[in-house]
Each structure stands twice: as C-alpha cells, then as structure tokens.
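Participant: Handing you this structure, nothing more for now.
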Amino acid sequence: MFVAHFPADQRPRWPHAVAALGNFDGVHRGHQKILDRVCRQAAERGGTPVVVTFDPHPPRVVRPDKAPPLLMTLEQKLEAFRSAGIQGVAVVHFTPDMARWEPETFVETVLIDWLKVSEVWVGANFLFGRDRSGTFTLLKALGEDRGFRVDKIDPVRFKDFVVSSTRVRHLIGEGRVDEAGALLGRHYVLDGVVVHGDGRGRELGYPTANLETRNELLPAYGIYATIAVIDQVFYPAVTSVGIRPTIGDNRVMIETYLLDASMDLYGKPMRVAFVRWLREEQKFESLEMLTTQIGADCEAARQVLTDLGL
C-alpha cells in the first residue's frame, strides 16, 4: 500500500482512483462498509481503491477545545486500511488555511487536480469545507459537473445503535470495551512500548509490563481481560488501567500481566487488545488483600478468554 501526503508529495499515479473520503477514526463497521464498497468498485472498473483522509483530525484545527480523543493513531489507521484491501492512501495535511477553503476549492485542488479521482464514496453524514458547508448533495453535483461519480453509504446499525466513532468513544470511556469491539468489528487496542515501572508487581508475585502508548483514548480505569500481542504472538493477559490506588502515586498506568508466559519485555513493542471489563480499580487495606485480588482477577480473565475461545 502506497501512502502519499498532500501537499508535500507529487501527484500519486493511481489509475482510475476510486476513493473513500473521510476521517475514518476507529475504522469501525460503518467505515469498513465504505472501504469494502470502494474495493469492489475498483475491482469491477479496473481501478485503484484508495482512501483520502486527514491529519491532524480537522476538529483539532477548527475547534481544538472540543476535539475528541482519537480512537487510533495514524499508523493504526493505515494498518486497518491495508487490511481492508486499500492500495493507496492520500493523507491530507489539514491546516487553518485549509479549514477556510470553500468545498469547491477542496474538490478542485485535492480530488481533481492532485488525485484525478474517477469515483468518490462517503458516509451519509460526511461534511467538508469551510464551516462544514460541503454536503453530499453538493459533492455529487460537483462530481457530475467535473466528470467523476459520487455516491454514499447509509449509516450502519448494530443492534439498537448507529455505528459511529462518537458512540465507540463513549463505550470505551465507560469501560464497555466488549460493546465497543462489537461496533469496531475487532477489539479496541493500545499500541506502545514496554517501559520500566517501579517493580511493585514483581514484588507481589505478578510482574507486569508497563505500556507507554501514543494512543489518546484510554479505557475507563479498571481491570480488564486482555490479549497482549508481542512479536506477532498472542498471549492471554489481564490489564490494569488507572492510578493503582493501593500502591500508586496518582500516575496513570497501563499494566499488563501475561497469564501463561514470563519474559523480559523492556523496550519491546506491545499491543494490548481489550476484551472485557472485569471490575473497577479499588484501594485495598493491605498488600496481602491486593495480592489475593490480583490472583482472582487472573482467574477471572482466564475464564473470560477461555469461554470466548481466545
């Protein structure tokens, strides 16, 4: 998969580009439906399935005080695009100047002059341009005038909810990671590097890997059944997110204990996939009580993962 950056890079040579246009934070089930349609349309037309997305996230530029924490780093988003079969990604550098562009300017400058798209697909609620004044209807009219097709994918529903990045953020913020995973179509993950902690877990008999992550949105403080991915190997695990009220110093920590493995992980990249909430974090009266609870958490996590076949 080739990644091009606007405006820094020259025009990418993607023949008959069939483009999915949007922010795609989380690449959830609704986004996946758009990506699937783009891949199928490109295959039918002998074109190239591509994604046009933005970095930084436009709300960071337009209204930074209200911008939500992102569900994905750019690297995670690119990984998801690659897995979906996308062959090219245009990362548009979003600036205060671009935020003032009229919708027609964005279409002319990026979609036509730089990408030369033949087809563009968006979600039903996608808005673009100055003051988000560009609608699907306007984009379709511009496409008809300039010779490229425009179509949309209606919102995807899962049970009682429309699948959206906002809904996923809400669920993760409440610790409902299993429900968030259902909307994402996969577990919510944090990526990072294992760093040195204070060694308290080892003293208690449960040496943990302390994750330093660039992901912005952490699940609600608590204990979770998780899967740790190290060197592409999956390990059942239990993870604590929070301030460790019994022994901590109010620093937010992400600590993962591998249930069936012991190894030196310092400096290693690690992915933590959140499967299910187990309990809130709490302050114990003694380290002995904490150690007993950690043992119970490990058994609870093991049972959850076994029941799910993970």
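The values are calculated or read from the model by the stated rules, or taken from the named source; none is laboratory data. Here the structure is a predicted model, which is why all the values come from computation and not from measurement. As a convention, Cβ positions derive from the backbone with ideal geometry for all residues, glycine included, and neighbour counts pool all protein chains shown.
Participant: List the helices (runs of 4 or more DSSP H) inside region 24-137, counting only whole elements, that have at least 2 residues being of a type in the set (A, V, I, L, M). Let's see the steps before the verdict.
Facilitator: Numbers: elements: 29-45, 58-62, 74-83, 96-99, 103-106.
Hits in region 24-137: 29-45, 58-62, 74-83, 96-99.
Participant: Among the residues of region 166-188, is there at least one that is closer than 25 Å to Glu79 by Cβ, assigned to a strand (DSSP E or B) and touching a strand residue (DSSP E or B) at 6+ places or on another chain (Cβ under 6 Å)?
Facilitator: Yes - at least one qualifying residue is present in region 166-188.
Participant: For region 85-98, enumerate the residues that are surrounded by fewer than 20 Cβ atoms within 10 Å (Cβ to Cβ) and either touching a residue at least 60 places away in the same chain (Cβ under 8 Å) or small (Gly, Ala, Ser) (or both). Don't jump to the end; show me each part of the working.
Facilitator: Initial filter on region 85-98 (surrounded by fewer than 20 Cβ atoms within 10 Å (Cβ to Cβ)): 85, 87, 91, 93, 95-97.
If the condition is that a residue be surrounded by fewer than 20 Cβ atoms within 10 Å (Cβ to Cβ) and either touching a residue at least 60 places away in the same chain (Cβ under 8 Å) or small (Gly, Ala, Ser) (or both), then Gly85, Gln87, Val91, His93 are the ones that fit.
Participant: Among (1) crowded, with 17+ Cβ neighbours inside 10 Å; (2) farther than 18 Å from Leu308 by Cβ; (3) in the same structural domain as Trp277 (by TED's automatic domain parsing); (4) among the aliphatic types (A, V, I, L, M), there is one condition Ala261 misses while meeting the rest; what is its number?
Facilitator: The single condition Ala261 does not satisfy is (1).
Participant: Out of all the residues in region 254-308, which are touching a Lys or Arg at 6+ places or on another chain (Cβ under 6 Å) and under 16 Å from Pro219 (Cβ atoms)? Please lay out each step first, then the result.
Facilitator: Initially, region 254-308 is screened for residues touching a Lys or Arg at 6+ places or on another chain (Cβ under 6 Å), giving 259, 304.
Once the filter is applied, which keeps residues that are touching a Lys or Arg at 6+ places or on another chain (Cβ under 6 Å) and under 16 Å from Pro219 (Cβ atoms), region 254-308 yields only Val304.
Participant: Still on this structure: Of all residues in region 194-250 being modelled with pLDDT of 75 or more and among the acidic types (Asp, Glu), which is nearest to Gly295 (Cα to Cα)?
Facilitator: Glu212
Participant: So which residues in region 105-115 are buried (at least 16 other Cβ atoms within 10 Å of the Cβ) and touching a residue at least 12 places away in the same chain (Cβ under 8 Å), if there are any at all?
Facilitator: To start, the set of residues in region 105-115 that are buried (at least 16 other Cβ atoms within 10 Å of the Cβ) comprises 106-107, 109-112, 114-115.
Listed by number, the residues that qualify are Phe106, Val107, Val110, Leu111, Ile112, Trp114, Leu115.
Participant: Can you tell me which condition Ala220 does not meet? The list is (1) in contact with a strand residue (DSSP E or B) (Cβ under 6 Å, 6 or more places away or on another chain); (2) surrounded by 15 or more Cβ atoms within 10 Å (Cβ to Cβ); (3) under 20 Å from Arg176 (Cβ atoms), and all the others hold.
Facilitator: With (1) in contact with a strand residue (DSSP E or B) (Cβ under 6 Å, 6 or more places away or on another chain); (2) surrounded by 15 or more Cβ atoms within 10 Å (Cβ to Cβ); (3) under 20 Å from Arg176 (Cβ atoms) applied to Ala220, the lone miss is (1).
Participant: Identify all residues within region 69-84 that are free of Cβ contacts under 8 Å to residues at least 60 places away in the same chain and surrounded by fewer than 21 Cβ atoms within 10 Å (Cβ to Cβ); write none if there are none.
Facilitator: Correct list: Leu74, Glu79, Ser83, Ala84.
Participant: Do any residues in region 174-187 that are under 18 Å from Gly30 (Cβ atoms) have Cβ atoms under 7 Å from those of residues that are among the aromatic types (Phe, Trp, Tyr) and surrounded by fewer than 18 Cβ atoms within 10 Å (Cβ to Cβ), where the two are at least six apart or on different chains, and which pairs are they?
Facilitator: Within 7 Å, the pairs are Ala182/Phe158; Leu183/Phe158.
Participant: Of everything in region 286-310, what is at pLDDT below 90 and either of a type in the set (D, E, K, R) or within 27 Å of the chain's Cα centre (by Cα) (or both)? Give them in sequence order.
Facilitator: Taking region 286-310 first, the residues at pLDDT below 90 are 286-294, 309-310.
Glu288, Gly309, Leu310, listed by residue number.
Participant: Can you give me the number of residues within region 136-158 that are free of Cβ contacts under 8 Å to residues at least 24 places away in the same chain and within 24 Å of His57 (Cβ to Cβ)?
Facilitator: So the answer is 1.
Participant: Of the residues Lys33, Lys66, which single one is out of contact with any helix residue (DSSP H, G or I) (no Cβ under 6 Å at 6 or more places or on another chain), surrounded by fewer than 22 Cβ atoms within 10 Å (Cβ to Cβ) and free of Cβ contacts under 8 Å to residues at least 12 places away in the same chain?
Facilitator: Details: Lys33 fails: free of Cβ contacts under 8 Å to residues at least 12 places away in the same chain.
Just one listed residue meets the conditions, Lys66.
Participant: Let me ask something additional. Could you list all residues from region 236-279 that are on the phi < 0 side of the Ramachandran plot, in contact (Cβ under 8 Å) with a residue 60 or more places away in the chain, not in a strand (DSSP E or B) and not hydroxyl-bearing (Ser, Thr, Tyr)?
Facilitator: Residues satisfying the conditions are Leu265, Lys268.
Participant: Turning to a different aspect of this structure: Looking only at region 150-167, count every residue that is surrounded by 16 or more Cβ atoms within 10 Å (Cβ to Cβ) and either within 25 Å of Tyr235 (Cβ to Cβ) or polar (S, T, N, Q) (or both) and tell me the total.
Facilitator: Counting residues in region 150-167 that are surrounded by 16 or more Cβ atoms within 10 Å (Cβ to Cβ) and either within 25 Å of Tyr235 (Cβ to Cβ) or polar (S, T, N, Q) (or both) gives 2.
Participant: Name the single residue, out of those in region 140-163 being of a type in the set (A, V, I, L, M, F, W, C) and part of a strand (DSSP E or B), that is nearest to Leu184 (Cα to Cα). Reasoning before the result, please.
Facilitator: Pass one, region 140-163, residues of a type in the set (A, V, I, L, M, F, W, C): 141-142, 148, 150, 153, 156, 158, 161-163.
Adding the requirement that they be part of a strand (DSSP E or B) leaves 150, 153, 158, 161-162.
On the way: Val150: 25, Ile153: 17, Phe158: 10, Phe161: 13, Val162: 12 Å.
The selected residue is Phe158.
Here's the yes/no breakdown for (1) modelled with pLDDT under 95; (2) in contact with a Phe, Trp or Tyr (Cβ under 7 Å, 6 or more places away or on another chain):
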{"residue": "Arg11", "(1), (2)": "yes, yes"}
{"residue": "Trp14", "(1), (2)": "yes, no"}
{"residue": "Val18", "(1), (2)": "no, no"}
{"residue": "Lys33", "(1), (2)": "no, no"}
{"residue": "Gln41", "(1), (2)": "no, no"}
{"residue": "Thr53", "(1), (2)": "no, yes"}
{"residue": "Pro58", "(1), (2)": "yes, yes"}
{"residue": "Pro69", "(1), (2)": "no, no"}
{"residue": "Met72", "(1), (2)": "no, no"}
